[in-house]
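Asker: Here it is, the structure in full.
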Amino acid sequence: MNFFGLILGISTLFIIGLGFIWVIRGERYFGLLWWPYIMGLGVLLIVGSLLLHNNWASALLGVTGASLIWGSTEFKEQAVRAELGWYPFNEKKIQPPFVDIIKNLKAPHL
């Protein structure tokens, strides 16, 4: 029997589930303006997964990168949810480097 697909599916479900948690926590402590850095990290992880020879590591790194890219697009929606009072709102968020440039960019939306 080949359990690769089953274990990869369960691992993917776990990684995506953690994505919901880190989006909520990440927006709460860091804020919406960190989305380019999160997206860049996701792209780097996906590119890194192309360079790995191990199928397990490559698949898990690619899924993690894709989850980070998805999460970076969710930061804007999570910020709106926090402003509506659905989630705790934190006014003392950590500002990213190059905040003036990032404010001029439009946050992505899937």
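Asker: Could you do me a favour and compute the accessible area per residue for the chain, 1.4 Å probe, result in Å²? Can you show the working numbers first?
Answerer: Values: 7430 Å² over 110 residues.
Result: 68 Å² per residue.
Asker: Tell me the label-point distance for the pair F3, I15, using the 7 Å Cα-to-Cβ offset, in nm and rounded to one decimal.
Answerer: Modelled inter-label distance: 1.9 nm.
Asker: Ignoring ligands, DNA and RNA, what percent of the 1.4 Å accessible area of the chain is carbon and sulfur? If you can, show how the numbers build up before the last one.
Answerer: Values: 5220 of 7430 Å².
Ligands and nucleic acids excluded, carbon and sulfur reach 70 percent.
Asker: Which residue fluctuates most in the GNM of the chain (Cα springs below 10 Å): E74, E91, E83?
Answerer: Taking springs between Cα atoms under 10 Å, the residue moving most is E91.
Asker: Tell me which trypsin sites (Lys or Arg not before Pro) from region 24-110 have a DSSP coil assignment and no more than 12 other beta carbons within 10 Å of their own.
Answerer: Values: sites: R25, R28, K76, R81, K92, K93, K103, K106; in loops: K92, K93, K106.
Loop-located and lightly packed - K92, K106.
Asker: Further question: Along the positive direction of the dipole of the chain (beta-carbon charges: Lys, Arg +1; Asp, Glu -1; about the Cα centre), which of I38, N54, W70 reaches farthest?
Answerer: Farthest towards the positive end: I38.
Asker: Using +1 on the beta carbon of Lys and Arg, -1 on that of Asp and Glu, and nothing else charged, what's the dipole of the chain about the Cα centre, debye to 20? Spell out each step's value before the answer.
Answerer: Numbers: 8 positive and 6 negative charges, 25 e Å.
Here the chain has a charge dipole of around 120 debye.
Asker: Just report the Cα centroid separation between region 27-71 and region 84-110, whole Å.
Answerer: Cα centroid to Cα centroid, the span is 19 Å.
Asker: Once ligands and nucleic acids are excluded and a 1.4 Å probe is used, how much of I69 is accessible, expressed in Å² to the nearest 10?
Answerer: Answer for I69: close to 50 Å² accessible.
Asker: OK, next. Can you list the HN-Hα couplings for region 74-81, worked out from phi with the Karplus curve (6.51, -1.76, 1.60; θ = phi - 60°), rounded to whole Hz and with x for Gly and Pro?
Answerer: Values per residue, Gly and Pro as x: 8, 4, 5, 5, 5, 5, 5, 4 Hz.
The values are calculated or read from the model by the stated rules, or taken from the named source; none is laboratory data. This is a predicted model, so every value here is computed, not measured. Virtual Cβ from ideal backbone geometry, glycine too; neighbours counted across all protein chains shown. These accessible areas exclude ligands, DNA and RNA; they are computed on the full protein's heavy atoms, side chains included. Shrake-Rupley method; radii C 1.70, N 1.55, O 1.52, S 1.80 Å.
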